[in-house]
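The structure appears right after this line, and notes come after that.
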Amino acid sequence: MATQQKKPARRPDDRPFDFNLDAVEAEVDLTPFVFQYGRRRWTMQHLQALDIMPLIASAQHGDAAAMLGAFREALGDQWKDFQSLGLPQYKVEPLFKAYSTHCGTQPGESPASSDS
């Protein structure tokens, strides 16, 4: 007796997808964070606006790597200039705390986290 193979269910023509990710909008104001360092103005994109993939990769290497990964992604084209200045350790935590507060998260909280 031959086994009958089931055909995969076909999606109705009026339902081209189950979820439209393109229609999802940010629930928070994505205003960039601006700070001064080395007599220069720096602009970091809002944490919720950053590409999550590089952040996840950085986070796998610990908290310090996660913070630097967030800075790198948030500063974008400014990263090389910022990195060339150097950053004393005692300034890292206050900067990340101020950035996190601006973005409405707590330091160490995932960018995908929600207050609700």
- Task: List every residue pair whose Cβ atoms lie under 6 Å apart, where the two residues are 6 or more positions apart in sequence or sit on different chains, the first residue falls within region 84-113 and is on the phi < 0 side of the Ramachandran plot, and the second residue, located anywhere, is among the aromatic types (Phe, Trp, Tyr) and at pLDDT 95 or above.
- Result: Tyr99/Phe33; His102/Phe33
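Give region 36-64 a look and list any residue that's exposed (fewer than 11 other Cβ atoms within 10 Å of the Cβ) and touching a strand residue (DSSP E or B) at 6+ places or on another chain (Cβ under 8 Å), or say none. Break it down stepwise before answering.
Let us first name the residues in region 36-64 that are exposed (fewer than 11 other Cβ atoms within 10 Å of the Cβ), namely 36, 39, 41, 51, 53, 60, 62.
Correct list: Gln36, Arg41.
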- Query: Pairs under 8 Å by beta carbon, first residue over 15 Å from Thr105 (Cβ atoms) in region 64-83, partner of a type in the set (Phe, Trp, Tyr), six or more apart or different chains?
  - Reply: Arg72/Trp79; Leu75/Trp42; Leu75/Phe82; Gln78/Trp42; Trp79/Phe71; Phe82/Tyr37; Phe82/Trp42; Phe82/Phe71
- Message: Can you find a residue that is closer than 16 Å to Leu95 by Cβ, surrounded by 12 or more Cβ atoms within 10 Å (Cβ to Cβ) and among the aliphatic types (A, V, I, L, M) anywhere in region 16-35?
- Response: no
- Close pairs (8 angstrom Cβ cut-off, 6 or more residues apart or separate chains): among the hydrophobic types (A, V, I, L, M, F, W, C) in region 44-56, part of a strand (DSSP E or B) anywhere: Met44/Phe33; Met44/Val34; Met44/Phe35
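The values are calculated or read from the model by the stated rules, or taken from the named source; none is laboratory data. This structure is a prediction, so every number in the text was calculated from the model and none was measured. So basically every Cβ, Gly included, is an ideal-geometry build from the backbone, and we count neighbours across all protein chains shown.
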